[in-house]
Amino acid sequence: MKNINIYSIIAFLLFLVSCKENQEKLEVPEILEKENKNIDFEIVFPDTVYVNTTYEGKVHYKSVLDTITTSFDDTSKKRYTILYLKLLSNYSYDEFEFDSFKKSSKLQYGAHNNIEIPFYRIKFDSVGLFYINWVIEDFVYIDLKEKDKNGKNLKRLIEVQEELLHKVVVIHQPNSTK
């Protein structure tokens, strides 16, 4: 009797595992990892949100430009970091092109420091699977403390950018009963 119970349990577990493997999975397109990232980041935003509700979040980041300056107030090394954001119902990595993304992005946020970029007014109007697609553009203008032959100050621009992607499931808010 014990052998039958053990075999029954094993058969049941195998059945559960095989059912689980056959379930359809939603695949998230992944951004191909670069060998040398210019900007490391962490996205602080929920994976599941309610439809027609406004959210805010932030991106923590560390850039290679931190080796030049971490200050956003240095007059000889002016640093700016901009977060461009789009809400997408589908995503294709092959179609990404930074300049067109930047021009068509209606949501843009500026960093106040070299650690995080806050973003806000994120709202989804329908239920489903969406992607938040960002680009961080980080750049520094360096005053070379020299003048060209016309007497204008010479400056050097160093710019890096990184694409970010975050999957969000949008659901109806459950009815609250009191």
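Looking only at the stretch 83-123, which residues are polar (S, T, N, Q) and more than 27 Å from I171 (Cβ to Cβ)?
Selection gives S100, S104, Q108, N113, N114.
Which number in (1) over 16 Å from the mean Cα position of the chain (by Cα); (2) surrounded by fewer than 12 Cβ atoms within 10 Å (Cβ to Cβ) marks the one condition that R121 misses?
The number of the failed condition is (1).
Applying the selection to the stretch 72-111, what residues are of a type in the set (S, T, Y) and either surrounded by 15 or more Cβ atoms within 10 Å (Cβ to Cβ) or touching an Asp or Glu at 6+ places or on another chain (Cβ under 9 Å) (or both)?
Once the filter is applied, which keeps residues that are of a type in the set (S, T, Y) and either surrounded by 15 or more Cβ atoms within 10 Å (Cβ to Cβ) or touching an Asp or Glu at 6+ places or on another chain (Cβ under 9 Å) (or both), the stretch 72-111 yields T75, S76, Y80, T81, Y84, Y91, Y93, S105, Y109.
Considering each of T53, T81, T75 in turn, give the residue that is modelled with pLDDT of 95 or more, assigned to a loop (DSSP other than H, G, I, E, B) and polar (S, T, N, Q).
T53
In the stretch 90-108, which residues are among the polar types (S, T, N, Q) and at pLDDT below 90?
Answer for the stretch 90-108, where residues must be among the polar types (S, T, N, Q) and at pLDDT below 90: N90, S92, S100, S104.
Mind listing whichever residues of the stretch 131-148 are of a type in the set (D, E) and within 24 Å of F41 (Cβ to Cβ)?
Within the stretch 131-148, E137, D138 qualify.
Yes or no: the stretch 15-27 includes at least one residue that is in a helix (DSSP H, G or I), charged (D, E, K, R), out of contact with any Cys (no Cβ under 9 Å at 6 or more places or on another chain) and modelled with pLDDT under 50.
Scanning the stretch 15-27 turns up at least one residue that is in a helix (DSSP H, G or I), charged (D, E, K, R), out of contact with any Cys (no Cβ under 9 Å at 6 or more places or on another chain) and modelled with pLDDT under 50.
The values are calculated or read from the model by the stated rules, or taken from the named source; none is laboratory data. Keep in mind the model is a prediction, meaning the values are calculated, not measured. No Cβ is skipped: glycine too gets one built from the backbone with ideal geometry, and neighbour counts run over all protein chains shown.
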